[in-house]
Amino acid sequence: MTGAQLLDLFDAQVTSRQLDLAGRWLRSFGEGFHTTGSAGHEGNAAVAAALRPGDPALLHYRSGAFYCLRAALAAGRTAFPDPAFPDPAGSSTDEGGPDGHADPGRPDAAPDPDAAADTDTDTDATDTDAGSAVPAGPISSAGAVHPSGPSADPVARGDAAEGAGPAGETDPEDAYAGAARDVLRGMVASAREPIAGGRHKVFGRADLAVVPTTSTIASHLPRAVGVGLALERLRRRDPAGRPAGAAPAGDVGQPPRSPWPPDAIVVCSFGDASVNHASATAAFNTAGWYDHTGLRIPVLFVCEDNGLGASVRSPRGWVEATLRAKPGIRYFAADGTDPVHTYEAAVEAAGWVRRHRRPAVLHLSTVRLMGHAGGDAEAAYRRPGELAADLARDPLLATARLLVEAGTATAEELLTRYDERGWQVRRIAEEVLGEPKLASAAEVVAEIAPRRPARVARAVADAATRAAGPGAVARAEAFGGRLPELAGPLTLAQSINAALADGMLDHPGMVVFGEDVAAKGGVYEVTKGLRDRFGAARVFDTLLDETSILGLGLGAGLAGLLPVPEIQYLAYLHNAEDQLRGEAATMRFFSSGAFRNPMVVRVAGLAYQEGSDGHFHNDNSLAVLRDVPGLVIAVPARPDDAAPMLRACLASAAVDGSVCVFVEPIALYHTRDLYAESDGEWLADYPEPEAWPAGHAPVGRARVYGVGSAEDVTIITFGNGVRMSLRAAAALADEGVGTRVVDLRWIAPLPVADIVREASATGRVLVVDETRRSGGVGEGVLAALVDGGYVGAALRVAAIDSFVPLGPAARQVLVSEKAITQGARTLLAR
């Protein structure tokens with residue numbers, strides 16, 4: 001490492017430290033709203049130096065120095081190698097894998113774990129192909145800084161490095177000042193903050209390839225694995241590497257394009273306490289599982305280990321033992337307070353991941369200075385000697401010491417540089433204090449889930465044009481000459497299957513994955529035949545872990561694909577709900593729309609399987625989804641709604657970046673009859689492409705059925721309730737009662753205008769809710785009626801607050817046709 005490079009690290013570290021101090025100053029008079037700092041972790045600047053500015057980074061909240069150096073690298077204002085040229089660690093990828101085997105991760109090869117078991121994926125430190133891992137113990141940095149050499153260090157010569165003044169001065173317009181302004185704007189919740197727009201304090205900027213992450217511990221790790229898998233899939237589909245950059249919003253029907261270079265790797269940093277979190281365990285396990293099968297995931301995990309999780313100590317040696325034990329993940333380590341050692345280890349680790357496209361972890365030993373956050377009184381749980389020992393390992397002092405020993409700068413010059421940067425940061429802090437804050441609810445929610453229904457409808461129409469025109473031959477081949485519109489009436493499951501196939505044809509970046517979806521074709525055969533038609537790279541089975549399935553989807557969407565993951569049963573979603581709530585739904589909110597993770601999550605759910613297999617295969621709760629801001633929740637009941645609604649979800653995801661949950665009523669998958677046995681009235685023809693625009697099912701619009709005069713009572717329902725309500729309405733019609741049956745179709749956003757209009761048409765509304773009485777969908781419907789000014793009579797029939805039991809006992813807790821009929825009669829009697 002040259003003196004100029006070390007000075008770059010010092011500048012990034014000093015900027016980060018001064019930002020921490022500024023955060024405390026702002027907080028002291030009530031103008032700073034985030035004081036969790038990076039003090040003691042500034043060695044992560046050396047990790048940034050070992051990477052390229054185009055490598056997507058999902059950063060720990062103590063990554064201030066990394067962010068500052070990434071900004072300088074992207075501006076081309078450092079002495080580190082130009083990222084446009086191969087780095088000394090090696091950037092060429094090993095197409096055949098480290099052992100020369102054919103890589104089963106290529107798109108035309110099925111990810112067959114049995115076949116891949118023969119692939120040598122040994123990650124032992126004796127792997128001579130990759131070189132030995134950096135030893136965990138400390139190394140000497142003496143003599144590691146070279147004042148002169150191939151880079152002709154300008155600082156050592158006494159000249160000014162580009163973008164920096166002499167060793168004792170700072171350029172007021174340099175990249176570090178720009179990075180400081182970004183961070184300070186986040187601290188004061190300025191609406192001009194470049195990524196979250198004042199909504200949250202995060203590290204993120206699209207032009208720096210820094211993806212904002214939430215404060216939820218380790219929840220971003222599964223996404224990082226998903227990004228890695230998607231990057232490799234896209235690289236192999238487009239080996240020539242078209243110019244990097246996100247595809248234009250709504251670029252439907254075009255081949256997918258990654259926003260990052262084809263040889264990029266993913267970096268994901270986290271703290272030592274996070275290794276214990278279920279999300280981290282899922283991510284490590286998934287990365288190792290795929291590596292074991294021979295699939296490539298180029299992810300560099302970076303564990304910044306200061307030995308503490310808030311006030312709870314990590315047992316000595318626990319983190320290293322845990323990380324070393326992760327199968328399929330190569331282990332590297334360094335003293336994170338030593339910039340040279342950290343840089344060397346990071347260069348080796350990043351180079352290994354980039355060459356082999358395989359996961360690794362870099363374990364950095366750091367210290368934590370200035371407490372967990374601004375209000376943390378460390379003296380309550382740490383001894384004075386321990387605090388003093390950490391101060392002695394301050395990474396800023398270590399970097400300064402090396403600069404002085406190498407003759408690059410004097411101690412006085414570095415102190416001047418430190419003070420100048422501090423005054424610069426303080427001046428910027430004072431400037432951003434006067435910037436506007438978000439001043440209305442509309443401004444706050446503007447980026448949560450923008451809806452452009454006209455563009456979505458146009459995307460559906462364009463898909464129809466392609467399917468009927470230039471794509472007609474490919475469509476006929478994909479369906480084996482048996483087009484679904486010519487197959488006669490279809491079930492719900494068959495309609496969804498056909499719509500998935502049409503979606504795969506129209507969206508080249510669409511991938512379908514989950515437990516049992518590929519070889520088996522799904523537990524209920526909803527994905528049957530898709531892998532045979534579209535290949536194992538686009539339809540594939542995953543390991544049995546819902547957090548990882550959603551994490552793969554989050555990463556795939558971020559990287560430019562259109563993921564359609566399947567959660568096998570609604571009850572299983574609760575294992576992983578934070579991936580939707582904390583990660584998927586917040587991406588646009590935390591990035592002002594700069595990043596998006598479009599996704600359509602298919603979930604088999606709800607009850608009425610005659611109690612088959614009890615609660616976990618008959619879960620009737622949607623409450624955990626209903627209050628997630630911006631989430632689209634679709635519940636198709638009939639075959640002729642299922643395909644249009646799925647097309648609408650895919651189009652909304654592609655055009656608006658929506659996160660959609662498509663809940664498929666299991667009990668209706670194979671239902672054929674409505675009123676009488678063998679009447680076939682629940683079946684429906686699949687529409688030909690020319691009919692798709694007219695049959696479009698806009699997000700947030702209900703479907704209304706009129707039975708009899710349709711003037712006496714309105715039944716509002718969804719899912720299984722639609723079939724029961726239509727049957728009840730037929731019985732009521734025999735008594736001379738006219739009924740309107742409103743199928744909500746969309747649980748979020750609710751079709752409020754349709755609800756109020758149809759309820760007001762009769763003045764009597766019966767809400768039939770198959771979810772539980774407490775927290776159920778019916779609560780939202782009744783609230784919408786009140787808010788909408790409805791003044792008529794209302795009654796609710798809902799499942800009782802119980803889990804669904806096994807066998808016939810299920811009927812005791814679920815809504816029945818009899819209860820619906822009785823409810824309608826009660827209303828009519830008022």
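Things worth noting here:
For (1) under 32 Å from the mean Cα position of the chain (by Cα); (2) in contact (Cβ under 8 Å) with a residue 40 or more places away in the chain; (3) more than 28 Å from residue 449 (Cα to Cα); (4) open to solvent by less than 10 Å² (accessible area, probe 1.4 Å), each residue gets a yes or a no:
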position	(1), (2), (3), (4)
647	yes, yes, no, no
670	no, yes, yes, no
713	no, yes, yes, yes
719	yes, yes, no, yes
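- Sole exception among (1) under 14 Å from residue 42 (Cα atoms); (2) surrounded by fewer than 20 Cβ atoms within 10 Å (Cβ to Cβ); (3) small (Gly, Ala, Ser) for residue 310, by number: (1)
- When the range 56-72 is filtered for residues that are of a type in the set (Phe, Trp, Tyr) and open to solvent by 10 Å² or more (accessible area, probe 1.4 Å), only 61 remains.
- Here residue 270 passes the criteria (1) part of a loop (DSSP other than H, G, I, E, B); (2) modelled with pLDDT under 95 except the one numbered (1).
- Residue within the range 504-523 that is part of a helix (DSSP H, G or I) and either at pLDDT below 95 or hydroxyl-bearing (Ser, Thr, Tyr) (or both) present: no
- Residue in the range 692-703 that is over 21 Å from residue 749 (Cα atoms), more than 33 Å from the chain's Cα centre (by Cα), open to solvent by less than 10 Å² (accessible area, probe 1.4 Å) and modelled with pLDDT of 95 or more present: no
- The combined condition, being out of contact with any helix residue (DSSP H, G or I) (no Cβ under 6 Å at 6 or more places or on another chain), within 17 Å of residue 657 (Cβ to Cβ), hydrophobic (A, V, I, L, M, F, W, C) and part of a helix (DSSP H, G or I), is fulfilled by residue 454.
- Test: residue in the range 679-689 that is over 16 Å from residue 492 (Cβ atoms), open to solvent by 40 Å² or more (accessible area, probe 1.4 Å), touching a residue at least 60 places away in the same chain (Cβ under 8 Å) and not hydroxyl-bearing (Ser, Thr, Tyr): yes
- Only one of the numbered conditions (1) touching a helix residue (DSSP H, G or I) at 6+ places or on another chain (Cβ under 9 Å); (2) in a helix (DSSP H, G or I) is not met by residue 604, and that is (2).
- Scanning the range 313-346 for residues that are over 20 Å from residue 224 (Cβ atoms), of a type in the set (A, V, I, L, M) and surrounded by fewer than 24 Cβ atoms within 10 Å (Cβ to Cβ) yields a total of 1.
- Residue check for residue 658: hydroxyl-bearing (Ser, Thr, Tyr), buried (at least 21 other Cβ atoms within 10 Å of the Cβ) and under 30 Å from residue 503 (Cα atoms): yes
- Exclusive hit being at pLDDT 90 or above, open to solvent by 10 Å² or more (accessible area, probe 1.4 Å) and farther than 15 Å from residue 629 by Cα, set 585, 594: 594
- The set of residues in the range 576-595 that are part of a helix (DSSP H, G or I) and farther than 20 Å from residue 549 by Cα comprises 588, 589, 590, 591.
- Matching residues, the range 336-367, being assigned to a loop (DSSP other than H, G, I, E, B) and out of contact with any helix residue (DSSP H, G or I) (no Cβ under 7 Å at 6 or more places or on another chain): 366
- Count of the range 410-443 residues which are in a helix (DSSP H, G or I) and under 28 Å from residue 16 (Cα atoms): 23
- For the range 734-751, filtered to residues that are more than 17 Å from residue 645 (Cβ to Cβ) and open to solvent by 40 Å² or more (accessible area, probe 1.4 Å), the residue that is nearest to the chain's Cα centre (by Cα) is 740.
- Cβ-Cβ under 6 Å pairs, at least 6 apart or on other chains, the range 456-472 side closer than 15 Å to residue 691 by Cβ, far side surrounded by 17 or more Cβ atoms within 10 Å (Cβ to Cβ) and among the basic types (Lys, Arg): 460/647; 467/475
- Sole exception among (1) surrounded by fewer than 24 Cβ atoms within 10 Å (Cβ to Cβ); (2) within 26 Å of the chain's Cα centre (by Cα); (3) over 28 Å from residue 257 (Cα atoms) for residue 640, by number: (2)
Residue by residue, here is whether (1) crowded, with 19+ Cβ neighbours inside 10 Å; (2) modelled with pLDDT under 95; (3) not aliphatic (A, V, I, L, M) holds:
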| site | (1), (2), (3) |
| --- | --- |
| 414 | yes, no, no |
| 419 | no, no, yes |
| 446 | no, yes, no |
| 456 | yes, no, no |
| 501 | yes, no, no |
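- Residues satisfying the stated conditions in the range 470-492, i.e. of a type in the set (Val, Ile, Thr) and within 18 Å of residue 527 (Cα to Cα): 491
- Put simply, of 582, 630, 529, 614 the only residue that is in contact with a helix residue (DSSP H, G or I) (Cβ under 9 Å, 6 or more places away or on another chain) and within 30 Å of residue 207 (Cβ to Cβ) is 630.
The values are calculated or read from the model by the stated rules, or taken from the named source; none is laboratory data. Source: prediction; values computed, not measured. Neighbour counts are summed over all protein chains in view; Cβ atoms, including those assigned to glycine, are modelled from backbone coordinates with ideal geometry. To get the accessible areas, we keep the full protein, side chains included, count just its heavy atoms, and leave off ligands, DNA and RNA. Shrake-Rupley method; radii C 1.70, N 1.55, O 1.52, S 1.80 Å.
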